[in-house]
Amino acid sequence: MTATPVLDVLEELITTVVGPNAAAVDAEGAFPRASVTALGQQGLLGLLSAPEVGGLGLGLADAAQVVRRLASACGSTAMVVCMHYCAAAVIEQFGPDETRRAIAAGTHLSTLAFSETGSRSHFWAPLGTATATGDGVVLNASKSWVTSAGEADSYVWTSRPVAAPAGASLWLVPATTDGLKVGARFDGLGLRGNASSPVSATDVVVDASAALGADGGGLDIALGVVLPVFQILNSSCSLGLTDAAIGAAIEHVTTARLEHLDQVLADQPVVRQHIAEMKNRADAASTLVDDAVAALGTGRPDAPLRMLQSKAVAGETALDVVDLAMRVGGGAAFRKDIGIERPFRDARASAVMAPTLDALQEFIGRALCGMELFG
């Protein structure tokens with residue numbers, strides 16, 4: 001299946017499953033299981049999987065389009081798929097064929113378990129331990145936020161190395177492993193259906209073959225494989241939320257009337273100016289993200305910088321656009337049926353999701369000044 005048919009299939013799923021379930025997912029804080037199952041059945045969970053294991057064999061640009069379109073319909077579903085693709089990118093390179101084939105078949109949902117209670121959004125500094133024991137490894141950690149916690153089939157898990165003097169190690173941990181415990185059910189402001197909760201590991205035993213890459217090499221994988229995918233797909237989620245807010249705002253201002261003037265709201269110049277500003281900001285951010293994808297795909301020298309900028313710019317733009325959409329909608333925008341307040345809430349997450357907006361600005365500044373990111 002090529003990119004165009006994938007998007008055609010996605011559009012049908014959004015019309016028949018994702019969109020119709022989005023309001024309930026948000027209102028009830030329910031994991032979008034029906035949407036995830038439908039995406040899996042149509043092969044979209046295996047979008048990044050190689051054809052040799054039954055996947056679609058598509059790339060980051062295609063994944064970005066999928067996540068963006070999903071976010072315009074349901075931010076929670078988009079974030080679940082975003083984190084699945086991040087985990088799948090690692091598993092595709094370092095994981096067992098059995099899991100790769102299950103992902104390609106759409107029967108296996110994975111996610112990242114990086115951020116920890118002690119180091120919070122500093123995902124590059126795991127505090128959880130991995131201790132060799134016989135033929136296995138014992139994991140102990142307190143993960144602070146894991147998307148799809150208790151819903152995914154596996155976690156791509158970070159820890160301190162078993163024996164290497166520095167760095168981190170990655171593990172493929174089945175969600176059914178004894179000793180894993182999911183914390184309290186997520187009941188948050190936005191992205192309410194993404195099942196983001198703490199997960200703890202108490203003497204969790206995995207086989208040594210569960211290692212994803214070399215002991216101590218996990219940070220290199222996290223930065224070289226995971227971060228580019230996460231940055232672009234999180235950016236795409238932000239762009240999809242701006243698409244939703246702009247579309248809902250335009251629908252509102254072109255139908256809501258000022259009866260005493262015999263006009264719609266869009267007849268007011270200030271309203272049109274706000275709509276134009278929203279679209280200008282969104283398109284500028286979209287262009288930068290597209291350029292970041294192109295830079296990564298061609299190995300351009302500025303690819304690391306563009307990759308860092310993508311989430312920072314798209315996330316901040318989404319905050320500005322959805323805020324303006326609320327102003328354009330006025331009091332009506334506070335109603336759920338108008339379709340603006342949900343992306344307004346969902347867009348808040350990007351600024352505090354590791355790497356946070358503040359951290360990204362620091363990284364970008366360091367890169368521009370020729371300094372090491374973690375100096």
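The set of residues from segment 278-294 being over 9 Å from MET307 (Cα atoms) and either open to solvent by less than 40 Å² (accessible area, probe 1.4 Å) or touching an Asp or Glu at 6+ places or on another chain (Cβ under 8 Å) (or both) comprises MET278, ARG281, ALA282, ALA285, SER286, LEU288.
Candidates are the residues of segment 36-50 that are within 18 Å of the chain's Cα centre (by Cα) and open to solvent by 30 Å² or more (accessible area, probe 1.4 Å); the one that is farthest from VAL90 (Cα to Cα) is THR37. For beta carbons closer than 7 Å, sequence separation of 6+ or different chains, a first residue in segment 286-310 that is within 24 Å of SER72 (Cβ to Cβ) and a second that is open to solvent by 60 Å² or more (accessible area, probe 1.4 Å) and charged (D, E, K, R), the qualifying pairs are ASP291/ARG306; ALA292/ARG306. Given the options ALA88, ALA24, ALA30, name the one that is within 15 Å of the chain's Cα centre (by Cα) and at pLDDT 95 or above. Sole residue among the options that is within 15 Å of the chain's Cα centre (by Cα) and at pLDDT 95 or above: ALA88. Count of segment 1-35 residues, restricted to those that are of a type in the set (Val, Ile, Thr), under 16 Å from GLY55 (Cα atoms) and open to solvent by less than 70 Å² (accessible area, probe 1.4 Å), is 2.
Only one entry of LEU265, LEU258, LEU233 meets the criterion of being surrounded by 15 or more Cβ atoms within 10 Å (Cβ to Cβ), modelled with pLDDT under 95 and not hydroxyl-bearing (Ser, Thr, Tyr), and that entry is LEU265.
Given the criteria part of a helix (DSSP H, G or I) and surrounded by 15 or more Cβ atoms within 10 Å (Cβ to Cβ), does ALA333 qualify? Taking the combined requirement at face value, the residue satisfies it. Residues in segment 363-375 that are closer than 21 Å to VAL229 by Cβ, at pLDDT 90 or above and open to solvent by 40 Å² or more (accessible area, probe 1.4 Å): ALA367 alone.
Condition check ((1) in contact with a Pro (Cβ under 7 Å, 6 or more places away or on another chain); (2) outside any loop (DSSP other than H, G, I, E, B); (3) open to solvent by less than 30 Å² (accessible area, probe 1.4 Å); (4) basic (Lys, Arg)) across all residues:
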site	(1), (2), (3), (4)
TRP157	no, yes, yes, no
GLY188	no, no, yes, no
SER200	no, yes, no, no
ASP203	no, yes, no, no
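The values are calculated or read from the model by the stated rules, or taken from the named source; none is laboratory data. If you're wondering where the values come from, they're calculated on a predicted model, not measured in any experiment. No Cβ is skipped: glycine too gets one built from the backbone with ideal geometry, and neighbour counts run over all protein chains shown. To get the accessible areas, we keep the full protein, side chains included, count just its heavy atoms, and leave off ligands, DNA and RNA. Shrake-Rupley method; radii C 1.70, N 1.55, O 1.52, S 1.80 Å.
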